[in-house]
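See below for the structure under consideration.
Read the figures in this text as sums done on the coordinates, not as results from a lab. Computed from a prediction, not measured in an experiment: that's the story for all the values here. Neighbour counts are summed over all protein chains in view; Cβ atoms, including those assigned to glycine, are modelled from backbone coordinates with ideal geometry.
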Amino acid sequence: MLPNLTKSGNDAKRAITLFEMMIVLTLTLILSLIFVYSSKFIIVRTKVERVKEEHRALSRALQNYRMDYNDYPMQLSRLNAPTAYISSLPGDPFTKQSNIKHYAYYHQPSGEYEYFIISVGPDGDSDLDILIQKYMLLASSSDENNDGTGDYSREEALDYVLPIYLINKTYDPTNGIISDGDVITFSHK
């Protein structure tokens, strides 16, 4: 008698169909995309936390400087000389790595705020500088005299632009990985 050549349920070798292969590849792709997005989100969130901690350290150094000199320095570099209020000035992690740039610092002795420490944030551009340039351009073009001298100083523009900037251009982590806005630390008078 000849052996039974028909396939039984347990003995059959089953091949993977094209449909099953597509399902596996689709699930793999979805999981890898979730992983990549999550890791980018974690990196951005970590950088934002680093910026906030460095801003706290700079704020403490600025307060110590103020205790000694009864005023805030005009530049952050003054925190290193002649007395070191901070061991080294931290670089903004959101700027290009080849061009390590320190945080922007604005000292407003006459305004409502004493100082601002600003990181460009995840979008990588300085929104305050853009607003100041727009204001200075609009103010000089709408001047009644329009003599073209550009009598508007950066400090005047800063006084006008700061309230708008603080409301509209503060970094919000709920807007995703590349959120428009800067990470800002400031002190009221």
Item to check | Highest-first arrangement of 70-82, 28-40, where packing means the average Cβ count within 10 Å | outcome: 70-82, 28-40
Next on the checklist: Give the lysines whose C-alpha is closer than 24 Å to that of residue 169, dropping any in the same chain fewer than 8 places away, or say none.
Outcome noted: 40, 47, 52, 96, 101, 134, 189
Next on the checklist: Can you tell me the length gained on complete extension of the stretch residue 46 to residue 23, counting 0.36 nm per residue apart and subtracting the Cα distance?
Outcome noted: 4.8 nm
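Once the piece of chain linking residue 187 and residue 129 is laid out straight, how much longer is it, given 0.36 nm per residue of separation minus the C-alpha distance between them? Please report the intermediate quantities before stating the final value.
Values: separation 58, 0.36 × 58 = 20.88 nm, distance 1.94 nm.
That pair, residue 187 and residue 129, stretches by 18.9 nm at full extension.
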Next on the checklist: Which order do the peptides 58-65, 14-21 come out in when sorted by mean C-beta neighbours inside 10 angstrom, highest first?
Outcome noted: 58-65, 14-21
